[in-house]
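Report on the following structure.
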Amino acid sequence: MNNFDFQCSTKMIFGKDTELRVGEELRKHGATRVLFVYGGSSIKKSGLYDRVIKSMTDAGLVYDELPGVVPNPRVSLVRKGIEICREKNVDFLLAAGGGSTIDTCKSISFGVYYNGDVWDLISGKAMPGDQRIPVADILTLPAAGSEESDSCVVSDETISVKAGFGSPLMRPVFSIMNPELTYTLPAFQTACGCMDMMSHAMERYFSRTENVEMTDRVTEAILVTVIHNLPIVLEKPDDYAARAEIMMCGTWAQNDMTGCGREQDWFNHVLEHQISGYYDIAHGAGLAISTPAWMEYLCEKPECLPKLTQYAVRVWNVEMNFENLKETAMEGVRRLRRLLRDAGLPQSLHEVGIGNEKFEEMADHMTCDGTVTCGNFYKMTKQDILELLNRME
Ligand code: NZQ
Ligand code: ZN
């Protein structure tokens, strides 16, 4: 196990009706003037919007609103949020939604104190400082794990680039997590969310660091729990127990507790951010296409087989075949593919209308024109990436 620092101070407020406490919690954390950020119509349809407004009003808070966050959130809206915060002296940001809404708030939060264009921070041209407006959220979509993570991802639609930045100060101050708020999710979003959280678990799990048994076992528990509960909520969207399990998994998969003490991989996320940067598809859908293909590719690399077989045996109950490790590992991938297909997720780029026209550009971006590799569990060269993209087609 490697040395590590870990601090996650986000207060998790979990359970039925917890959104009714938002005004009181904001007050308790020193808010006076709030910018309330949300996406399209989902929070109005579900009644969440009215409950949040009432709770903030009852708590005597002054607020402004910034609606219009879209999936793969846009830097243009972040810039608008920064202007409002400066103009109105906003001292707290509240997101109600999924990862895109929370990430919009996180970018605004640091951008307000940056003396330049916020895209400098997002694209890594400049480093975030130690001043930010605190962020809180009401989570309506368990997926990105942004409700406790220390990073955010934003797109510049004008140049088709999706990029992200992070800071230890970026974790939300508190997150309100009521599983009932996820009953209205379309089946496709639910499935995309589950794929995303599984990927966050796997990006840490697939590591060459030795003696990380505790975090391996916690990650396996997260994966097994998602695999068990996804079909249940697809069948019965208002199954509270299953929705609650999935919501917990989404947070714990990404708050980095399971990443402690190990080298992490992150190849699939780097690849998926290329894909959704160019083609604006759902993040979880991109991961559903790349992850099994990447695993199959690595099944051909003997040095990857010990971990891939451990995953197959412990997560998917595959019987270990000591005579044929590759077959054991491949059976794990087949079972993952079956789960994703049954959940309605795409399995190829072709299914989401993506051709091979950007393969070369994506592989170049991921490897600085072929000069570096991407990922750690297996260091993917530009050639590896092109080969993988062709298999994903
Ligand atoms: O805009 P509304 O009407 O709210 O609809 C949203 C949106 O269209 C809808 N939705 C959310 N909650 C709902 C609901 N519909 C019905 N009922 C509800 N309860 O879902 C759609 C997708 O929302 P979005 O926020 O885009 O999804 P998600 O939470 O999957 O976030 C994806 C974004 O997070 C980034 C991704 O790259 C992507 O941009 N990520 C952020 C990370 C982080 N900050 O730690 C890590 C992740 O790996 C990821 O990269
Ligand atoms: Zn993700």
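What number in nm² do you get for the chain if you take the convex hull of its Cα atoms and divide its surface by four? Each step should come with its number before you reach the end.
On the way: hull surface 73.0 nm².
Taking the Cα atoms of the chain, their convex hull projects to 18.3 nm² on average.
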statement: Sparse-neighbourhood loop hits (trypsin sites (Lys or Arg not before Pro), region 120-198; DSSP loop; Cβ within 10 Å at most 15 others) -> Lys125
task: Give Lys162/Lys307; Lys106/Lys382; Lys301/Lys382; Lys80/Lys162; Lys28/Lys80; Lys16/Lys162 a once-over and call out the pairs whose C-alpha atoms are over 23 Å from each other.
output: Lys162/Lys307; Lys106/Lys382; Lys28/Lys80; Lys16/Lys162
field: For region 144-198 and region 43-62, distance of Cα centres in Å
entry: 22
query: Relative to the Cα centre, what is the charge dipole magnitude of region 308-369, using +1 at the beta carbon of each Lys and Arg, -1 at the beta carbon of each Asp and Glu, and rounding to the nearest 20 debye?
result: 460
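For Ile385, Ile232, give the ranking by accessible area with the largest first, probe 1.4 Å. Don't skip to the end; give the middle numbers.
Working: Ile385 0, Ile232 55 Å².
Sorted descending by solvent-accessible area, the residues read Ile232, Ile385.
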- line: Among Ala59, Gly370, Phe4, the residue whose Cα sits farthest towards the positive end of the charge dipole of the chain (+1 at Cβ of Lys and Arg, -1 at Cβ of Asp and Glu, taken about the Cα centre) is Ala59
message: Using a 7 Å offset from the Cα along the Cα-to-Cβ direction at both Asp50 and Tyr279, what is the distance between the two label points in nm, to one decimal?
response: 4.1
- prompt: Among Thr209, Gly145, Val69, whose Cα lies farthest out toward the positive end of the dipole of region 59-212, if unit charges sit on the beta carbon of Lys, Arg (+1) and Asp, Glu (-1)?
  reply: Thr209
query: Using a 1.4 Å probe, how large is the accessible area of Lys80, given in Å² and rounded to the nearest 10?
result: 110
statement: In degrees, nearest 10, the alpha-carbon axis of helix 240-254 is tilted away from the dominant principal axis of the alpha carbons of the chain by 80
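Between Ala126 and Glu360, how high is the FRET efficiency from 1/(1 + (r/R0)^6) when r is the Cβ-Cβ distance and R₀ = 41 Å? Nearest 0.05. Write out the running numbers ahead of the final one.
Values: r = 29 Å, r/R0 = 0.72.
For Ala126 and Glu360, the calculated efficiency is 0.90.
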- request: Convert each backbone phi in region 180-189 into a coupling constant with the Karplus relation 6.51 cos²θ - 1.76 cosθ + 1.60 (shift: θ = phi - 60°), then list the ³J(HN,Hα) values in order as whole Hz, x for Gly and Pro.
  value: 4, 5, 9, 4, 7, 5, x, 3, 5, 5
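Please find the FRET efficiency linking Phe322 to Asp5, where r is the Cβ-Cβ separation and R0 is fixed at 56 Å, and quote it to the nearest 0.05.
Values: r = 39 Å, r/R0 = 0.70.
The calculated FRET efficiency here is 0.90.
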message: About the Cα centre, and with charges only on the beta carbon of Lys, Arg (+1) and Asp, Glu (-1), how big is the dipole of the chain? Nearest 20 debye, please.
response: 740
task: Would you calculate, for the chain, the mean residue ellipticity at 222 nm contributed by helices, counting each DSSP H stretch of 4 or more residues as -39,500 (n - 2.57) and dividing by all residues, to the nearest 500?
output: -15000 deg cm²/dmol
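Could you give the accessible area per residue of the chain, probe 1.4 Å, as a whole number in Å²? Let's see the in-between values first.
Numbers: 16090 Å² over 393 residues.
Solvent-accessible surface per residue comes out at 41 Å².
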statement: Sorting Cys105, Gly30, Pro179 by the position of each Cα along the dipole of the chain (Lys, Arg +1; Asp, Glu -1; all at Cβ), the one nearest the positive end of that ordering is Gly30
- prompt: Taking amide hydrogens as modeled 1.01 Å from N in the peptide plane, which residues meet the under 5 Å criterion relative to Glu65, leaving out close sequence neighbours?
  reply: Phe36
- prompt: Expressed as a rounded percentage, what relative contact order does region 251-393 have, with Cα pairs under 8 Å and six or more residues apart?
  reply: 25
Built amide H within the under 5 Å cut-off of Phe174, gap 5+: Lys11, Asp137
- line: Relative to the chain, whose Cα atoms define the longest principal axis, helix 267-279 and its Cα axis are tilted in degrees, nearest 10, by 60
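When Lys and Arg each count +1 and Asp and Glu each count -1, what net charge do the other residues less than 15 Å away from Lys54, Cβ to Cβ, add up to? Can you show the working numbers first?
Values: positive: Arg21, Arg27, Lys44, Arg51; negative: Asp17, Glu19, Glu24, Glu25, Asp50, Asp58, Glu65.
Residues close to Lys54 contribute a combined charge of -3.
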- prompt: So how strong a dipole does region 280-393 carry about its Cα centre when Lys and Arg Cβ are +1 and Asp and Glu Cβ are -1, to the nearest 20 debye?
  reply: 480
task: Summarise the accessible area of the chain (1.4 Å probe, protein heavy atoms) by the percent that is carbon and sulfur.
output: 50
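The values are calculated or read from the model by the stated rules, or taken from the named source; none is laboratory data. What you see is a predicted model, and the numbers here were worked out from it, not measured in a lab. Here the Cβ is made from the backbone with ideal geometry for all residues, glycine too, and neighbour counts use every protein chain on show. These accessible areas exclude ligands, DNA and RNA; they are computed on the full protein's heavy atoms, side chains included. Shrake-Rupley method; radii C 1.70, N 1.55, O 1.52, S 1.80 Å.
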